[in-house]
Amino acid sequence: MQNRQGHRKTVRHQEEERCVHELTFSCYQRLPLLTDVDRLTLLSEAVTRATERHQFDLLAFVWMPEHVHLLVLPRTEESRIPALLNAIKRPFSYRVKQLLIEQQSSLLDRLIIRQRPGVTTFRFWQEGGGYDRNLWTPNAILAAIDYIHMNPVRRGLAETTFAWRWSSARFYDDRYKEVDPALPRIDGVDNSVLE
């Protein structure tokens, strides 16, 4: 997104030790690009790899048709939000592009963007850092988890939070013991974060 001076809008990430981050990022032009099971599974794999590599605990998530919500907690002082987001978005975008090429999908043409004369790029994600909010209190963390899980219900995509497959809601309910292999590994909320 550009402001009047032509500069790209950026998000300032506040890197605070033991601070939970609520992250939101969107598909290009808010298109509903996250509706295909293969893409959703690839996203889950990308999030798992990125959180492990960059030392973040994944506390909650939801994949919506045109955007993603993550709730993460850095494990170390070296854990950085921009590195995490880059490690999710870049490999995921590359894999999706390869899938679209293999499938000879017409969607590929819509996601190839002309940056300037003679230069094009594949764009799956909206440019910019998305939304990043720091959460400090137990009430704010629990409210964010509820907000994330309620997204599909508010949008009319599911009747209950547990009915939406692409969410961590089931991880928070003892009735659901079986782990869905298409979802990222979730660490859950550590009690030390809620103190």
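Which residue pairs have Cβ atoms closer than 6 Å, lie 6 or more positions apart in sequence or on different chains, and pair a first residue in the range 58-75 that is over 15 Å from P152 (Cβ atoms) with a second residue that is of a type in the set (D, E)?
Pairs that qualify, where the first residue is over 15 Å from P152 (Cβ atoms) and the partner is of a type in the set (D, E), are L58/D187; L71/E22; L73/D57.
So which residues in the range 113-154 are touching a Leu at 6+ places or on another chain (Cβ under 6 Å) and over 20 Å from V62 (Cβ atoms)?
F122, R123, P138, listed by residue number.
Exactly one condition in (1) of a type in the set (S, T, N, Q); (2) touching a residue at least 60 places away in the same chain (Cβ under 8 Å); (3) in contact with an Asp or Glu (Cβ under 9 Å, 6 or more places away or on another chain) is not met by T161; state its number.
(2)
For the range 159-179, give me each residue that is of a type in the set (V, I, T) and in a loop (DSSP other than H, G, I, E, B).
First, pick out the residues of the range 159-179 that are of a type in the set (V, I, T): 160-161, 179.
Hits for the range 159-179 are T160, V179.
Can you go through L58, L142 and tell me which one is outside any helix (DSSP H, G or I), at pLDDT 90 or above and either crowded, with 19+ Cβ neighbours inside 10 Å or not hydroxyl-bearing (S, T, Y) (or both)?
Details: L142 fails: outside any helix (DSSP H, G or I).
Only one candidate passes the filter, namely L58.
Test each condition in (1) of a type in the set (A, V, I, L, M, F, W, C); (2) surrounded by fewer than 14 Cβ atoms within 10 Å (Cβ to Cβ); (3) modelled with pLDDT of 90 or more for F162 and report the one that comes out false.
If we test F162 against (1) of a type in the set (A, V, I, L, M, F, W, C); (2) surrounded by fewer than 14 Cβ atoms within 10 Å (Cβ to Cβ); (3) modelled with pLDDT of 90 or more, just (2) comes out false.
Being within 15 Å of L31 (Cβ to Cβ) and assigned to a helix (DSSP H, G or I) is the filter here; which residues of the range 98-137 pass it?
Across the range 98-137, the qualifying residues are L100, L107, L108, D109, R110, L111.
For the range 61-84, which positions are touching a strand residue (DSSP E or B) at 6+ places or on another chain (Cβ under 7 Å) and not in a strand (DSSP E or B)? Working first, answer last.
Within the range 61-84, the first condition is being touching a strand residue (DSSP E or B) at 6+ places or on another chain (Cβ under 7 Å), and the residues that meet it are 61-62, 66-75, 79, 81, 84.
Hits for the range 61-84 are E66, R75, S79, I81, L84.
The values are calculated or read from the model by the stated rules, or taken from the named source; none is laboratory data. Every value quoted in this text rests on a predicted model; they were computed, and no experiment measured them. Neighbour counts are summed over all protein chains in view; Cβ atoms, including those assigned to glycine, are modelled from backbone coordinates with ideal geometry.
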